[in-house]
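To keep things clear, I will list the structure first and then write my remarks on it.
The values are calculated or read from the model by the stated rules, or taken from the named source; none is laboratory data. Small disclaimer: the values here were computed from a predicted structure and weren't measured. Counting neighbours? That spans all protein chains shown, and the Cβs are built from the backbone with ideal geometry, glycine included. Surface accessibility is based on the protein's heavy atoms, side chains included, excluding ligands, DNA and RNA. Shrake-Rupley method; radii C 1.70, N 1.55, O 1.52, S 1.80 Å.
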Amino acid sequence: MATTKITERQRWDTLHKNGPFELKLFLSTRLEKKGNMPSSIDRYNDAATEIRKLLREALDKNEGFRAIGSKWSMSSIAHHEDRMHFNSFMNMKFPILASEMHPDSDYLQENLFFLQCGNQIKEISLYLQDLGKSLKTTGASNGQTIAGCISTGVHGSAIDVGSVQDYVVGLNLIIGPDPEDVIYLERHTKPALSNVLPDKINAKVIRNDSLFNAALVSLGSFGFIHGVLIEAEDQFLLTRYVRKISKDTALELARTLDFKNTTFKIPEEVDANGSPLRPYHYKVFINPYGNEDKYVVEALYKKKFDPLYKEKHGDPIPFMKEFVYRDLIYLFIKISERFPKAIPKFVKALNNTILPSEDEKIVGRLSEIFWDAGYQGRAFACSFGVDHKDSVKALDVLSQLTKDEGPIPGIFAMRFIKKSDALLAFSKFPFTCMIEIDGIQWKKSNKLMSLEEYTKRMIEVLKENNIPFTIHWGKNADWGFPKLAEHMFQDNVEAWMKHRSALLSKGMAKVFSNNFLKTAGLDHYEENASEDLIATIT
Amino acid sequence: MQKIKIAIGFLSVLILLSCYSTRIKVSNGQAEPDDTEREDALSGLWVRELDTIVKVKTITDENPINIRDCESGALHTVEYKSTFGGILLYLVTFGRKRTVKVKYVCIKESN
Ligand SMILES: Cc1cc2nc3c(=O)[nH]c(=O)nc-3n(C[C@H](O)[C@H](O)[C@H](O)COP(=O)(O)OP(=O)(O)OC[C@H]3O[C@@H](n4cnc5c(N)ncnc54)[C@H](O)[C@@H]3O)c2cc1C
């Protein structure tokens, strides 16, 4: 039997110490040993029974229950003061069999994989690699869990691919303590599985696009995500270039994403007519305090897989990876709290270590390019999504704020993502530009505003300048800003809450809520939500 | 007095030089995670520690220290620490007693 270790706690914190937060019970479930239960499906179902039992306990005690992944989110989205459940050891992986495919499915059977929630991106990549497959995109690093990724909408800068949730084609949710609370959900317009696998995992099947799109970016609040069906693809290589290019060109590309008619050209990355190819990934790094006329950009191009790539181009993973000495950063921050004017100088001094350096082209798999992150200590990250057409204006507004009312110890970057169908995906524009500021936490002083004030001002200036925006759910923001969710997602907010109310009982909606949801104004429960919202559409 | 100062200075340099740690990790493995509050390079990982003194007998060869608690049967990271005390012990026992101070992280069990 799967077993759960329950520990009494006083507090809990995110990986980057964005709390601490109060906590009563910390739960961590381990699967039954393979030797004791050789059938994988039995072990999976056994884990589901354990989760239902834990949900029963939370419900009976009128307490909240929050599943967590790797706690990489910097907002309080993963926190609940009652019960938090660490999923990471629930990491089973299943290939999909031909007999499990839906007869109308457009997906290739060999590309579908059913992953238990606690699988981390790195282990998934390693598993797929052995089968000649790859994830389509990931974030900049690989430690998050698959369920954690889709719950906030993790993205990289794969312009024409989308975010992690965009290659999820089915969800196995546990929405309550009873056997009938196990659900397999997929789109009715793009079915992937027949009822064979859902039957094996004792799940009730719902095929419904709207419900699926609501549950996809769920903020941890649409039930316990037990399993995720993903679509992978054949393994591929990426060639990575880092270049310093004129600021105007870098920003023009951000605004237009027109890579064909640009002066930014990598000689090896052109088509038959000599025009630049459209990269798989484009990222711009910006020091808000510099007056440089050049920006560092990173461009990656997708290539057919070549098993001899390491022999030809060297190992993409460095023998030793250098990270900025943490104590040095903390020292800078301590000085900055008293002498904020020093921040721009510090950021400039660290430029060469924080920003990637122009170097030889690197060739590697997706999982090797977006590899392990070194622990950078007490960090913050703010991340705003805007239509890429507004990206230059938004960057200008946000960096002006940072200079005028800051300075803030961080640097900016821009990444680009294709639109997601998920109702609450921050990648809601046809191409969303994520403008990010990452840095090290500081303490408010009489000369330096707090992170809370800064994040509030960012929202205010974007609104004042009429720039539609969204915010990354897993990053720092003034989540209590009045009517923020409605401002970002308009009608989708109500639709999301309606679907949630239809799917969850009132009691379970409470169990799966948390302060983050309340603060963001997303916890409303509609008593009479229509049953049609959760019906299979044929 | 002068001599004592020189001796203390010499000792301090020795202590500094003899204390170091080296971390080795595999690049193609998933480290075992944990929910901890640590704030070092191993933050977010399940770190186990081995802090012992190994006695080496003259008639036996060195025996390996068996690590039994990695469910996956594989190591992800090993951090070896050399301390001044350890070196001193090694010297005064003519190599028969050795301090072993190792932190390690297992590979996450695959399922
Ligand atoms: C070093 C670092 C790099 C990062 N890089 C990127 C990046 O490149 N791109 C990007 O978009 N973000 C990035 N982030 C942010 C981070 O990836 C996201 O916040 C992500 O959601 C964290 O995943 P996690 O597994 O740690 O989940 P957690 O942070 O633990 O949880 C996130 C949400 O998922 C929910 N959840 C987790 N498991 C389940 C489950 N089984 N059922 C229901 N709900 C569940 C939680 O309740 C919570 O609401 C980065 C963060 C760090 C620390």
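For the stretch A:507-522, enumerate the residues that are touching a helix residue (DSSP H, G or I) at 6+ places or on another chain (Cβ under 8 Å) and assigned to a helix (DSSP H, G or I).
Within the stretch A:507-522, A:G507, A:M508, A:A509, A:V511 meet the criteria.
Every residue in the stretch A:391-401 that is buried (at least 22 other Cβ atoms within 10 Å of the Cβ) and either of a type outside the set (G, A, S) or under 28 Å from A:G19 (Cα atoms) (or both), please.
The answer is A:L395, A:L398.
Let me spell it out: the conditions are (1) within 16 Å of the ligand (Cβ to nearest atom); (2) touching a residue at least 12 places away in the same chain (Cβ under 8 Å), and A:P20 meets all of them except one. Which number is the exception?
(2)
I need the helices (runs of 4 or more DSSP H) fully contained in the stretch A:39-153, keeping only those with at least 3 residues that are away from the ligand (no atom under 11 Å from the Cβ), surrounded by 22 or more Cβ atoms within 10 Å (Cβ to Cβ) and not acidic (D, E).
Because the criterion is at least 3 residues that are away from the ligand (no atom under 11 Å from the Cβ), surrounded by 22 or more Cβ atoms within 10 Å (Cβ to Cβ) and not acidic (D, E), the helices (runs of 4 or more DSSP H) in the stretch A:39-153 that meet it are A:40-60, A:121-130.
If I filter the stretch A:448-455 for residues that are polar (S, T, N, Q) and under 25 Å from A:I150 (Cβ atoms), do I get at least one hit?
Checked the stretch A:448-455: at least one residue is polar (S, T, N, Q) and under 25 Å from A:I150 (Cβ atoms).
Please verify whether A:A58 is within 30 Å of A:Y375 (Cβ to Cβ) and either among the small types (G, A, S) or within 14 Å of another protein chain (Cβ to nearest Cβ) (or both), treating the condition exactly as stated.
Answer is no for this residue.
Given the criteria out of contact with any Leu (no Cβ under 9 Å at 6 or more places or on another chain), free of Cβ contacts under 8 Å to residues at least 12 places away in the same chain, farther than 30 Å from A:K24 by Cα and more than 14 Å from every other protein chain (Cβ to nearest Cβ), does A:A140 qualify?
No; evaluated as a whole, the condition is false for this residue.
Can you tell me which residue within the stretch A:445-467, out of those that are touching a residue at least 60 places away in the same chain (Cβ under 8 Å) and farther than 14 Å from A:L398 by Cβ, is least open to solvent (accessible area, probe 1.4 Å)?
It comes out as A:L448.
Among the strands (runs of 3 or more DSSP E) contained in the stretch A:404-506, which hold 3 or more residues that are within 28 Å of A:G374 (Cβ to Cβ)?
Ranges flagged: A:410-418, A:431-440.
Could you go through the stretch A:128-137 and let me know if any residue there is without any contact (Cβ under 8 Å) to a residue 12 or more places away in the chain, within 13 Å of chain B (Cβ to nearest Cβ) and on the phi < 0 side of the Ramachandran plot.
Yes - at least one qualifying residue is present in the stretch A:128-137.
Kindly establish whether A:I225 is of a type in the set (V, I, T), crowded, with 19+ Cβ neighbours inside 10 Å and under 17 Å from A:A509 (Cα atoms).
Criteria met by A:I225.
Enumerate the pairs (first residue in the stretch A:154-167 and away from the ligand (no atom under 11 Å from the Cβ); second residue anywhere and acidic (D, E) and at pLDDT 95 or above) with beta-carbon separation below 8 Å, excluding pairs fewer than 6 apart on the same chain, so at least 6 apart or on different chains.
Filtered contacts from the stretch A:154-167: A:D166/A:D421; A:Y167/A:E231.
Which one of A:L257, A:L219 is at pLDDT 95 or above and not assigned by TED's automatic domain parsing to the domain that holds A:K302?
A:L219
Which one is nearest to the chain's Cα centre (by Cα) among residues in the stretch B:51-91 that are under 30 Å from A:F89 (Cβ atoms) and loosely packed, with under 13 Cβ neighbours inside 10 Å?
B:D51
Looking at (1) surrounded by fewer than 19 Cβ atoms within 10 Å (Cβ to Cβ); (2) without any contact (Cβ under 8 Å) to a residue 60 or more places away in the chain; (3) more than 16 Å from the ligand (Cβ to nearest atom), which is the one condition that is false for A:G374?
Of (1) surrounded by fewer than 19 Cβ atoms within 10 Å (Cβ to Cβ); (2) without any contact (Cβ under 8 Å) to a residue 60 or more places away in the chain; (3) more than 16 Å from the ligand (Cβ to nearest atom), only one is false for A:G374: (3).
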